[in-house]
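Below you'll find the structure, written out as structure tokens, and then a few comments.
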Amino acid sequence: MGHSERDLNENPVALIDKQTLVKKFLSVLSTESVKYETEDLTPFECDGLSAYPQIPMIVVLPENEDQVCQVMRICHQYKAPIVFRGAGTGLSGGAIPYDQGVLLVLSKLKRITHIDPVGRYAVVQPGVRNAAISEATKIHELYYAPDPSSQIACSIGGNVAENSGGVHCLKYGLTVNNILKVRFVTIEGDIVEIGSEGLDSPGYDLLALVTGSEGLLGVVTEVTVKLLPTPEKAQAIMASFDDVEKAGRAVADIIAAGIIPAGLEMMDKKAINAVEQFIGAGYPMDAAAMLLCESDGSSEEVASEIQKTTEVLNKAGATEITISSDETHRLKLWAGRKSAFPAVGRVLPDYFCMDGTIPRKTLPDVLKRIAAMEDQFQLQCANVFHAGDGNLHPLIMFDANEGDQLHRAELYGAAILELCVEVGGTITGEHGVGIEKINQMCIQFDNQEIQTFLNLKRAFDPDGRLNPGKAIPTLNRCAEFGHMHVHRGEERFPDIPRF
Amino acid sequence: MRTNETVIDRFKSQIIDAKKQSTCVRIRGGGSKDFYGVNLEGEIVDTNEFTGITEYEPTELVLTARSGTPLKEIEQTLNENNQMLPFEPPHMGTKATFGGCIASGFSGPRRASQGAVRDFVLGARILNADAVDLQFGGKVMKNVAGFDVSRLLAGSFGTLGLILESSVKVLPKPEMERTVLFDLDIQSALEKMNTLAGSPIPLSATCFDGNQLAVRLSGSEIGVIAAHKKIGGEVSEGASYWQSIKEQTHPFFGSEGCLYRLSVNPTAPINRYTDALIEWNGSTRWVWNNGTLAEHQDFANEHGGHATVFRGNQLGNPISSISPALQVLQQKIKNSMDPDGIFGKNRLFAEF
């Protein structure tokens, strides 16, 4: 074989001690921008995935691009490992610190640098909140389309790192489809402009490679996002079903009718009940599943699409259909969906939010099997689903302080991800691999494919010092995991029927 | 007719031979995009025998096909199901293949509103530089596991690996399309494109061809008619017009010499490019001759973009110019996927 197998070092360490590194940072950053005492570091111990806290060696909060470059150069010179963090809302643990490394936090870079209403783009720093972009461009009747549920808090830099989606991505795409250009700082501290203000750039599509690279290749200090004209009108339909399978079929029927709704969401009974008790969105507590389907466009387009969709839903066996009466009503219907995660978090103190994507047609089967696993792992699971694009969010509820519940929840989550791969899907649709799904990467990809990822990683970061232990597993880890995995499968639940 | 396995075996042995002999290969389908690039080097690996749509279920909005499948066949199959490739790929001849469509990354008139090839690529199966069969991405619509290698392959012109199969997201065809014309000079046409692109209307294409501004609306019948009322313009036969823009058979493309594509900020001034054909809501300007690559690049640079020699390049000359820092990253990508430089030597860059 020509490519020699080369693994990454999962545990890199800096060449100099913490005190010296702190001094170096203090020579380029203000005192408040360098944190190194335990009590100042603790707030950064985890991101949206709280189960695996880790205290970083040092936290730095640069205030501008130049300081980011200087931090990168210092780390490069002394081979210090770096983890990047935006708003810290990620659900896969991509920003969980590395105990022997520096946590580079981009939250102080939060300026919207430029809005071009005629050219329809905005230039923003990475710490700008997702929702703040659309708020700032509203007066031009333009908006930024990707809208992850955490959009009031999550930042655009994190969105780029994770290639975040949202409830409207069936029609409007993910982050990768909605950005034009980034300013990217390499591990050496050099700035490279990737992409352009036009639509296509020569050579390899580095923008596609950098988007969703989970802080493994470098860091972004500026993002040029596309702005779209705000649709004249949006209207939502809520449809109840007495059977999950019927709801799943209704989704396929909508697509088959040639309709691409702006949003097409599904929730199962457990999720509906949790949300309804949490915020009272007016959801049908007695339904087995509900769909939330949105149309946007001109008033004429919306009226015609709503009518067509309603017909399809009726034919598909919806037991009740509610059409939003005005903007307040529409937002209330969405508020329920957007608060599904915290709502579930109120049922039990902890939850894992899984993020597999599956071919839509396998949904009934997958939901049945996920439900069957509730008995197997003795835990409850609610399901919310970006039904239009097949992205499933099972929410496994547990109490980390109760016995081995955390452990069972991890096994449950792993089993769901493996199920997604088995039916032809993927372990993550929009939340990223982070540390949460790193073992399941070994199931989705074989060693040669992982080696391709490692080679790309090494092209940017030869020693594996950017976000070590995340997103792309080492070959060693996969070897160990493969071994353990079979072993565990045989031993733990030998007499549980599988279907 | 050889089986698909024997065709793959032939691909593999060609790659392995090239590696052993330190030569290179050129992956080629119908050869319809041979006009593009710095150079055409290496023994041809012909993908024409590797055909077939392997998976297509209209309600999943995903199609998977082998690289040698004629693009015509794919479009026909989609059409029968009232669906389409949203990026409206140019064929540039009669023999275009699906693999070539992905590898070239060329997109048609719908690009500005719907996206490019890379926006719809979901997954790929490739042979790498060791002739190993690998899968990236998938057949589902959202997938962020691992680096996005399948999007990276879109537009790579066969220089990173041999694409065996690709999966793409497809969309329903619009219920109605209407093209309307406006008699405007180039400056007013550019302004109008930008205004329309910033308005909430079902815009699907714009083109100023030196004579008129053509605007295409696509969507539900009621939506298209309402938008037409709003923007005005004289209704015109659209299908053959957009075909001629997409396939570059429009008289504008009949000149000789060097055809440059300036991909710039959509509001970039007309400047000296008064003879340009403008597409994609102002962000793409096609120009004939009228200067050197370096001169065009200066203009493009100033306006946030790039100039590329699209046709008529003299073999061996660069077709684009990018910053040294970016060039370094491009070369690193190439080295990581194809360290011995087996695939498509000097197709995209004069240096590798």
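Here are the numbers for this structure:
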{"read-out": "Residue list for the range A:253-279, restricted to those being more than 14 Å from chain B (Cβ to nearest Cβ), more than 23 Å from the chain's Cα centre (by Cα) and among the acidic types (D, E)", "value": "A:E276"}
{"read-out": "Among the candidates B:R216, B:R261, residue that is buried (at least 20 other Cβ atoms within 10 Å of the Cβ) and over 26 Å from B:G304 (Cα atoms)", "value": "B:R216"}
{"read-out": "Candidate set: the range B:229-250, residues that are assigned to a helix (DSSP H, G or I) and surrounded by 18 or more Cβ atoms within 10 Å (Cβ to Cβ); chosen: the one farthest from the chain's Cα centre (by Cα)", "value": "B:Y241"}
{"read-out": "Helices (runs of 4 or more DSSP H) fully within the range A:85-191 counting 2 or more residues that are within 14 Å of chain B (Cβ to nearest Cβ)", "value": "A:156-162, A:169-172"}
{"read-out": "Single residue of A:P146, A:P117 found to be at negative phi, at pLDDT 95 or above and in contact with a Cys (Cβ under 9 Å, 6 or more places away or on another chain)", "value": "A:P146"}
{"read-out": "Residue list for the range B:331-348, restricted to those being assigned to a helix (DSSP H, G or I) and not charged (D, E, K, R)", "value": "B:Q331, B:I333, B:N335, B:S336, B:M337"}
{"read-out": "Number of positions in the range A:423-452 that are within 7 Å of chain B (Cβ to nearest Cβ), farther than 19 Å from A:N11 by Cβ and without any contact (Cβ under 8 Å) to a residue 40 or more places away in the chain", "value": "5"}
{"read-out": "Criterion (among the polar types (S, T, N, Q) and closer than 28 Å to A:G336 by Cβ) met by exactly one of A:S298, A:S213, A:S201", "value": "A:S298"}
{"read-out": "Hits in the range B:199-217 - residues which are small (G, A, S), touching a Leu at 6+ places or on another chain (Cβ under 8 Å) and not in a loop (DSSP other than H, G, I, E, B)", "value": "B:S204, B:A214"}
{"read-out": "Filter result for A:G258 (in the same structural domain as A:T328 (by TED's automatic domain parsing), farther than 15 Å from A:V384 by Cα and not basic (K, R))", "value": "yes"}
{"read-out": "Selected residue [more than 17 Å from B:A145 (Cα to Cα), touching a strand residue (DSSP E or B) at 6+ places or on another chain (Cβ under 8 Å) and not aromatic (F, W, Y)] from A:E402, A:E430, A:E449, A:E410", "value": "A:E410"}
{"read-out": "Criterion: farther than 22 Å from A:L331 by Cα, among the aliphatic types (A, V, I, L, M), out of contact with any Asp or Glu (no Cβ under 6 Å at 6 or more places or on another chain) and crowded, with 23+ Cβ neighbours inside 10 Å - qualifying residue of A:V192, A:V160", "value": "A:V160"}
{"read-out": "Lone qualifier among B:S67, B:S13, B:S32, B:S22 - being at positive phi and polar (S, T, N, Q)", "value": "B:S22"}
{"read-out": "Among (1) open to solvent by 30 Å² or more (accessible area, probe 1.4 Å); (2) touching a residue at least 60 places away in the same chain (Cβ under 8 Å), the one test that B:G344 misses", "value": "(1)"}
{"read-out": "Residues satisfying the stated conditions in the range B:328-348, i.e. closer than 18 Å to A:L207 by Cβ and under 21 Å from the mean Cα position of the chain (by Cα)", "value": "B:Q330, B:I333, B:K334, B:L348"}
{"read-out": "Total residues in the range B:285-330, condition within 9 Å of another protein chain (Cβ to nearest Cβ) and assigned to a helix (DSSP H, G or I)", "value": "7"}
{"read-out": "Those residues of the range B:59-104 which are open to solvent by 20 Å² or more (accessible area, probe 1.4 Å), small (G, A, S) and outside any helix (DSSP H, G or I), in sequence order", "value": "B:G93"}
{"read-out": "Output for the range B:105-127, where each listed residue is surrounded by 21 or more Cβ atoms within 10 Å (Cβ to Cβ) and either in a helix (DSSP H, G or I) or outside the structural domain of B:I27 (by TED's automatic domain parsing) (or both)", "value": "B:R111, B:A112, B:Q114, B:V117, B:R118, B:D119, B:F120"}
{"read-out": "Positions within the range A:7-46 being within 29 Å of the chain's Cα centre (by Cα), open to solvent by less than 70 Å² (accessible area, probe 1.4 Å) and among the hydrophobic types (A, V, I, L, M, F, W, C), in sequence order", "value": "A:L8, A:V34, A:L41, A:F44, A:C46"}
{"read-out": "Selection count where residues are in contact with a Lys or Arg (Cβ under 8 Å, 6 or more places away or on another chain), modelled with pLDDT of 95 or more, in a loop (DSSP other than H, G, I, E, B) and within 7 Å of another protein chain (Cβ to nearest Cβ), scope the range B:128-144", "value": "2"}
{"read-out": "Given (1) exposed (fewer than 14 other Cβ atoms within 10 Å of the Cβ); (2) at pLDDT 95 or above; (3) part of a loop (DSSP other than H, G, I, E, B), number of the condition A:A80 does not satisfy", "value": "(1)"}
{"read-out": "Candidates A:V192, A:V220, A:V275, A:V225 - the one that is in contact with a Gly (Cβ under 7 Å, 6 or more places away or on another chain) and either under 30 Å from B:S320 (Cα atoms) or not assigned by TED's automatic domain parsing to the domain that holds A:C293 (or both)", "value": "A:V220"}
{"read-out": "Candidate set from the range A:322-375 (those that are of a type in the set (V, I, T) and assigned to a helix (DSSP H, G or I)); member that is nearest to A:G263 (Cα to Cα)", "value": "A:T328"}
{"read-out": "Residue that is nearest to B:E191 (Cα to Cα), among those in the range B:251-283 that are small (G, A, S) and assigned to a helix (DSSP H, G or I)", "value": "B:G282"}
{"read-out": "Test set (1) open to solvent by 10 Å² or more (accessible area, probe 1.4 Å); (2) within 11 Å of chain A (Cβ to nearest Cβ); (3) over 30 Å from B:G138 (Cβ atoms); (4) in contact (Cβ under 8 Å) with a residue 12 or more places away in the chain - B:P200 fails condition number", "value": "(4)"}
{"read-out": "Number of the exception - A:D243 against (1) away from chain B (no Cβ under 14 Å); (2) touching an Asp or Glu at 6+ places or on another chain (Cβ under 8 Å); (3) surrounded by fewer than 24 Cβ atoms within 10 Å (Cβ to Cβ)", "value": "(2)"}
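Table: residues versus (1) farther than 26 Å from B:A276 by Cα; (2) among the aliphatic types (A, V, I, L, M).
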| position | (1), (2) |
| --- | --- |
| B:N211 | no, no |
| B:R216 | no, no |
| B:I225 | yes, yes |
| B:I231 | no, yes |
| B:Q243 | no, no |
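To keep it simple, each residue is scored yes or no on (1) within 11 Å of chain A (Cβ to nearest Cβ); (2) farther than 22 Å from B:T54 by Cα; (3) part of a loop (DSSP other than H, G, I, E, B).
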{"site": "B:S156", "(1), (2), (3)": "yes, yes, yes"}
{"site": "B:V168", "(1), (2), (3)": "no, no, no"}
{"site": "B:T179", "(1), (2), (3)": "no, yes, no"}
{"site": "B:Q187", "(1), (2), (3)": "no, yes, no"}
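The values are calculated or read from the model by the stated rules, or taken from the named source; none is laboratory data. Values in this document were obtained by computation on a predicted structure and should not be read as measured data. Here Cβ is always computed from backbone atoms with ideal geometry, including for glycine, and neighbour counts include all displayed protein chains. Heavy atoms of the whole protein, side chains included, go into the accessibility calculation; ligands, DNA and RNA do not. Shrake-Rupley method; radii C 1.70, N 1.55, O 1.52, S 1.80 Å.
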